[in-house]
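This report concerns only the one structure given below.
The values are calculated or read from the model by the stated rules, or taken from the named source; none is laboratory data. Just so it is clear, the structure is predicted and the values come from calculations on it, not from any experiment. No Cβ is skipped: glycine too gets one built from the backbone with ideal geometry, and neighbour counts run over all protein chains shown. The area values use the complete protein model at the heavy-atom level, side chains included, leaving out ligands, DNA and RNA. Shrake-Rupley method; radii C 1.70, N 1.55, O 1.52, S 1.80 Å.
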Amino acid sequence: MQRAVSGVLAGVLVSSVAQAQSDWWGEERVATYLDLRAAVTDGPASWTEDGIGKSRFGDGGTDASLHLAEAGLVWRPQIHWSLSGYVHVQYDEHQSDPVGLVEGFVRYRPVPRSAWRWSGRAGVFYPPVSLEHEEEAWATEFSLTPSAINSWIGEEVKGAGLEVSVERELGDHLLSATGGLFGYNDISGVFLRYRGWGLHDVKTNFGGDYKVVVYPGHIGTVRPFEESDDQPGHYLRLDWSPRPGVNLYAIHWDNNADLATRTRTSRAWRTDFVNMGLDWEWTADQRVLAQAMRGSTRVGEQLLPGRHEIDLDFASAYVMWVTQMDQHTVSVRAEVFEIEDHSSAGVANWGEDGWSGLAAWRYRRENGQALSVELLHIETDRPRFASFGLDEDQSRTQLQVGWRLRH
């Protein structure tokens, strides 16, 4: 799979070298950005600081800190009239290799010759799950912290592969379908088991890794993007827009991992989910976003009927209300999340129940800068916390101020 994708990318670049330089470089093709944060948090240390806290920042207790949350470059070459490229590289100090590729693909979008329109892409990319990540560099448009669903997509649900989309208008209705095949995602689900759900804007580099607390006193390394069985995963998304400003969709994603195989660092994790979403432009300046996900992740043999060695069901849902006033955006979000542990091995309960609430304000300047203020509160009940000498019920509040500069 990796060789095939690399071959496609290399072939496109070589065959297109004669294109005009202005199609490849320039202010409209290359963008750089910095994302600076000030954060005040309480509760246990964040998972990014080798703790069990679910938000991105915080070193334990009441903590105030300054961070370079992200620095990156986005390159969007126009290779041919119907062929374009996209490369997103970032710096993230918490990964072993701080500089790495977030996404990189070529997209083919021909001029429609009938009522059907289609496009395709090949490379490394996120599946089309999130409604929140509409900004360049897979950034969130309305808040600093995405929902639990899309936080997990950013850290574990990505691969190298191919995707094709088709759409057609039928009267006032717009119908579309998107399908993809991918590899290098055979251990997705590790974060959900060991840390549980998280709320953060971390984007794991392709081939990158993060640390996570596995047991008290033991820190493990999670490398989500590995291949074990040379059989592709797949997804299918269906969209229906009954009228302008309203879109409903559903996507089924399955990494199709063979549980009898191993990656370089881990056994394979078979993970699949169904996600449904609504994007509703209620008025000219009011918008409602909603997503609901349910899935499972499994490892090892069935030691008991219908129960694998590691066997988790997970679910989450959120509703976000957004209002826009000129250059100002105000967002409010409420969500719930849970994990049910049906594992047949061990005595620890890795389940979880929780909820979170968020309020955010963002001011955008015409020069590409954006100032954001966000308040996030998380409540979670996880029996596993008792093994750390902590209460099973944990709460966490995080206040962030963010300044994003783009050039």
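The residues of the stretch 232-257 that are within 18 Å of Gly161 (Cα to Cα) and not β-branched (Val, Ile, Thr), listed by number, are Pro232, Gly233, His234, Tyr235, Leu236, Arg237, His252, Trp253, Asp254, Asn255, Asn256, Ala257. All of Leu399, Leu358, Leu375 fail the test of being under 22 Å from Gly58 (Cβ atoms), crowded, with 20+ Cβ neighbours inside 10 Å, of a type outside the set (Ser, Thr, Tyr) and under 23 Å from the mean Cα position of the chain (by Cα), apart from Leu358. Put simply, of Ser143, Ser114 the only residue that is out of contact with any helix residue (DSSP H, G or I) (no Cβ under 8 Å at 6 or more places or on another chain) and open to solvent by less than 60 Å² (accessible area, probe 1.4 Å) is Ser143. Scan the stretch 264-278 and report the pairs whose first residue is under 16 Å from Pro232 (Cα atoms) and whose second residue is open to solvent by 10 Å² or more (accessible area, probe 1.4 Å) and among the basic types (Lys, Arg), with Cβ atoms within less than 6 Å and a gap of 6+ or a chain change. Pairs found: Arg270/Arg298.
Tell me, yes or no, whether the stretch 295-305 has at least one residue that is at positive phi, of a type outside the set (Val, Ile, Thr), open to solvent by 70 Å² or more (accessible area, probe 1.4 Å) and without any contact (Cβ under 8 Å) to a residue 12 or more places away in the chain.
Checked the stretch 295-305: no residue is at positive phi, of a type outside the set (Val, Ile, Thr), open to solvent by 70 Å² or more (accessible area, probe 1.4 Å) and without any contact (Cβ under 8 Å) to a residue 12 or more places away in the chain.
Filtered by the rule that a residue be β-branched (Val, Ile, Thr) and under 11 Å from the mean Cα position of the chain (by Cα), the stretch 115-144 gives Val129, Thr140. Residue-level analysis places Gly207 among those that are among the small types (Gly, Ala, Ser), assigned to a loop (DSSP other than H, G, I, E, B) and either open to solvent by 20 Å² or more (accessible area, probe 1.4 Å) or within 25 Å of Val111 (Cα to Cα) (or both). Checking each residue in the stretch 45-59 for being open to solvent by 30 Å² or more (accessible area, probe 1.4 Å) and outside any helix (DSSP H, G or I) picks out Asp50, Asp59. Screening the stretch 259-282 for residues that are in contact with a Lys or Arg (Cβ under 8 Å, 6 or more places away or on another chain) and among the acidic types (Asp, Glu) and picking the one that is surrounded by the most Cβ atoms within 10 Å (Cβ to Cβ) gives Asp279.
Screening the stretch 224-339 for strands (runs of 3 or more DSSP E) wholly inside it with 3 or more residues that are among the aliphatic types (A, V, I, L, M) and touching a strand residue (DSSP E or B) at 6+ places or on another chain (Cβ under 6 Å) returns the ranges 246-254, 270-283, 286-304, 307-325. Do you know which residues across the stretch 324-355 are more than 20 Å from Ala139 (Cβ to Cβ), open to solvent by less than 50 Å² (accessible area, probe 1.4 Å) and in contact with a Phe, Trp or Tyr (Cβ under 6 Å, 6 or more places away or on another chain)? Answer for the stretch 324-355, where residues must be more than 20 Å from Ala139 (Cβ to Cβ), open to solvent by less than 50 Å² (accessible area, probe 1.4 Å) and in contact with a Phe, Trp or Tyr (Cβ under 6 Å, 6 or more places away or on another chain): Phe337, Ile339, Asp341, Gly354.
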